Amino acid sequence: MRRLWMMLVAAMLAVGKARGEEPAPVAPLAEAGDPPTASVPESSDFLSRLRSLRSRPATLRPISRWLNRTSPAEEPVPNRTAVNPGQPGEDVDRYAPSGPALDAVEGNSGTTQPRSSNAAASPEAGAGEQGRGSEPISSNPAAVDIVAGTGALGRFLGLDKDSGIRLGGLWIGDASGVLSGGQNPGAWGLNSLTIVDLNLDTEKLLGWTGGSFGTEFLQFSGQNTNGLAGAFPGFDSLEAGPPLVREQLYELWYRQSLFDDKLILRIGKSVPTYDFNNVVRPVPVSDPAAAIPAVTALAYTPIFVNPTMLGVIPGYYNSATGITTTFTPTKSLYLNYGFYDGNLALGHQTGLAGPRFDGYYFHIGEIGSSYRLGAQRKPGNFGVGVWGQTGKLVTFNGGQSNGAIGMYLFGAQRLWFRRPGVDNSGVSGFYQYGVNNSNALHARQYVGAGLTAFGLVPGRPDDSFGLGLNCTWLTAGDFGADLFYAKPYGTILPPMRPSQFMVQWYYQMKLVDGWFFQTTFTDIPTPGIPPEGGHRTSFPNAFAITLRLTVLF
């Protein structure tokens, strides 16, 4: 298996080198054409049936227009910026990030809605899909994008861009090795993730404006990769805890926009980290030359979920059933609120099971805004949120607590334009913070920050590289390490480290549209997980490498 991975990596690097020898394109932001797709004859019986659905009773039309009365003059300005798988397959044309887009010319807000709403919107293939997979992406789109992939799978199967049906997905495979230190120096962990995504546009299929239906299937097969380094939080976000082989219904939701997209509702099974504390989402602007693509491609876990919420907030891969609402009172301000099944706090696998509304609930609210800064009008965004978990929780000192509460904040800012007004090459930065009041969660406080460079390598306009660092303050107690060794609660093991510090840097290479290869190095001076036994009370400095291939389809 290890030899197979080495051959795969060598092949990817050879392709990347060949692409790097090509002359740089004259217009780095030019749209990539759609990949070859199977044509569907106009006489296609399948599409004819779809069109027949549009001839619904006229009585539905007035209701539909009342639900969403957007006029042609109010159509959002397409934003041809990065893909951000959502963590896999991202397109900002139709799935705008939280915080409405700011107009780059007049300085006024545009009309695109928060990512939490538009990300759930039914995709319109065609122009919007062309930009997906062509620019830097998140290292794990499955964790931060509600719609996965580029839609190429549906086009290959003959689904017309106007059919109202979008079928896409992604595959991510990685190999992480601990080069020195940690719990198992020299050991490697292999992980594979596949997601297939189906999205239906109710307006195109039924004439019901503002509605969409989405569902995703997830298959994961992996190993205890983060345990090899003794790392908590993890340095490889693809592995998120046992069970390490799973097949599940990842998403199943209905989304409806109301009152000209000022109010967005989504109900069903989804991933709250798409909508809350999502620092990875692209900063929204209508000018591609000013846009920040996927804010970072760092691979460590804290970039996708704030460690102070680990164990309570549903996310990758433990999605949960609930309701997400988004309200945009102005064009530069959004408010999100979510209510979800909170049984993850009891250790239940909410991603594998149906909802349980039995007194354990997770509530979260967030307010945020996007803005332009300085003479060059550099884009940025900011968000702050509070959350609460209900129910009795067992603490790491043997007691109980009545729920938990916490807060967080995050933001991203364009710091430098390499060629202002020409393309989006340059440098951006981000920051994160979180804190909670609970001795029943492994992390009590967290702070992180990082830098990302886009299009700075000659001849490689779609590559990116970056650096991130973070520190997580861990909860003291005799039973904090039980979870990591699958021990019954009450087994006394050495205590967790007081804190874990982590530094990570990466280079992400676009091989072809939709294919990305990333090399990541991580240094963990103070691994948080203690040894299971023996005379040692902590693991030595861990240094690890992660090789990751992402394919969007």
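Quick one: in the stretch 333-368, which of the residues that are crowded, with 20+ Cβ neighbours inside 10 Å and of a type in the set (S, T, N, Q) is farthest from the chain's Cα centre (by Cα)?
Asn343
Results for (1) within 30 Å of Pro525 (Cβ to Cβ); (2) at pLDDT below 95; (3) surrounded by fewer than 19 Cβ atoms within 10 Å (Cβ to Cβ); (4) of a type outside the set (A, V, I, L, M, F, W, C), shown as yes or no for each residue.
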residue	(1), (2), (3), (4)
Asn191	yes, no, no, yes
Ile195	no, no, no, no
Gln219	no, no, yes, yes
Leu249	no, no, yes, no
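Could you count how many residues in the stretch 255-282 are buried (at least 24 other Cβ atoms within 10 Å of the Cβ), within 17 Å of the chain's Cα centre (by Cα) and among the hydroxyl-bearing types (Ser, Thr, Tyr)?
Qualifying residue count, the stretch 255-282: 2.
Could you tell me which numbered condition Pro461 fails, if it satisfies all but one of (1) closer than 21 Å to Ala175 by Cα; (2) touching an Asp or Glu at 6+ places or on another chain (Cβ under 8 Å)?
Exception for Pro461: condition (1).
If a residue must be among the basic types (Lys, Arg) and assigned to a strand (DSSP E or B), how many such residues does the stretch 389-443 contain?
2
Consider Ser134 carefully, then state whether it is more than 29 Å from Thr324 (Cα to Cα) and either modelled with pLDDT under 90 or crowded, with 24+ Cβ neighbours inside 10 Å (or both). Walk me through it before giving the result.
On the way: more than 29 Å from Thr324 (Cα to Cα): yes; either modelled with pLDDT under 90 or crowded, with 24+ Cβ neighbours inside 10 Å (or both): yes.
Yes; evaluated as a whole, the condition is true for this residue.
Can you find even one residue in the stretch 496-511 that is of a type in the set (A, V, I, L, M, F, W, C), surrounded by fewer than 19 Cβ atoms within 10 Å (Cβ to Cβ), on the phi < 0 side of the Ramachandran plot and touching a helix residue (DSSP H, G or I) at 6+ places or on another chain (Cβ under 9 Å)?
No; the residues of the stretch 496-511 include none that is of a type in the set (A, V, I, L, M, F, W, C), surrounded by fewer than 19 Cβ atoms within 10 Å (Cβ to Cβ), on the phi < 0 side of the Ramachandran plot and touching a helix residue (DSSP H, G or I) at 6+ places or on another chain (Cβ under 9 Å).
Which of the residues spanning the stretch 519-531 are surrounded by fewer than 24 Cβ atoms within 10 Å (Cβ to Cβ) and at pLDDT 95 or above?
Passing the criteria: Thr519, Phe521, Asp523, Pro525, Thr526.
Take Ile303 and decide whether it is more than 30 Å from Ala542 (Cβ to Cβ) and of a type in the set (A, V, I, L, M).
So Ile303 does not fit the description; no.
Using beta carbons and a limit of 7 Å, which pairs, at least six apart or on different chains, have the first residue in the stretch 141-159 and farther than 26 Å from Ala297 by Cβ and the second one in a helix (DSSP H, G or I)?
Here the result reads none, with nothing in the stretch 141-159 linked to a residue that is in a helix (DSSP H, G or I).
Name the residues in the stretch 471-486 that are part of a loop (DSSP other than H, G, I, E, B), closer than 16 Å to Thr395 by Cβ and at pLDDT below 90, would you?
Across the stretch 471-486, the qualifying residues are Ala476, Gly477, Asp478, Phe479, Gly480, Ala481.
Between residues in the stretch 183-203 that are in a loop (DSSP other than H, G, I, E, B) and residues that are among the β-branched types (Val, Ile, Thr) and crowded, with 22+ Cβ neighbours inside 10 Å, which pairs lie under 8 Å by C-beta distance while being six or more apart or on different chains?
Note: pairs meeting the criteria are Gln183/Ile529; Asn184/Val178; Pro185/Val178; Gly186/Val178; Ala187/Val178.
Inspect all residues belonging to the stretch 141-149 and state whether any of them is surrounded by fewer than 20 Cβ atoms within 10 Å (Cβ to Cβ) and within 25 Å of the chain's Cα centre (by Cα).
No - not one qualifying residue is present in the stretch 141-149.
Surrounded by 17 or more Cβ atoms within 10 Å (Cβ to Cβ), under 20 Å from the mean Cα position of the chain (by Cα) and not polar (S, T, N, Q): is that true of Leu228 in this structure?
It is false that Leu228 is surrounded by 17 or more Cβ atoms within 10 Å (Cβ to Cβ), under 20 Å from the mean Cα position of the chain (by Cα) and not polar (S, T, N, Q).
Would you pick out the residues in the stretch 532-553 that are at pLDDT 95 or above and among the small types (Gly, Ala, Ser)?
Listed by number, the residues that qualify are Ala542, Ala544.
Can Glu129 be described as at pLDDT below 85, more than 17 Å from the chain's Cα centre (by Cα), of a type outside the set (Gly, Ala, Ser) and not in a loop (DSSP other than H, G, I, E, B)?
So Glu129 fits the description; yes.
What are the residue pairs meeting all of these: first residue in the stretch 311-336, first residue in a strand (DSSP E or B) and modelled with pLDDT of 95 or more, second residue among the aliphatic types (A, V, I, L, M) and surrounded by fewer than 24 Cβ atoms within 10 Å (Cβ to Cβ), Cβ atoms under 6 Å, and 6 or more apart or on different chains?
Ile323/Ile267; Thr325/Leu265; Phe327/Leu263; Phe327/Leu335; Leu335/Ile367
The values are calculated or read from the model by the stated rules, or taken from the named source; none is laboratory data. What you are looking at is a predicted structure, and each value in this text was computed from that prediction instead of being measured. So basically every Cβ, Gly included, is an ideal-geometry build from the backbone, and we count neighbours across all protein chains shown.
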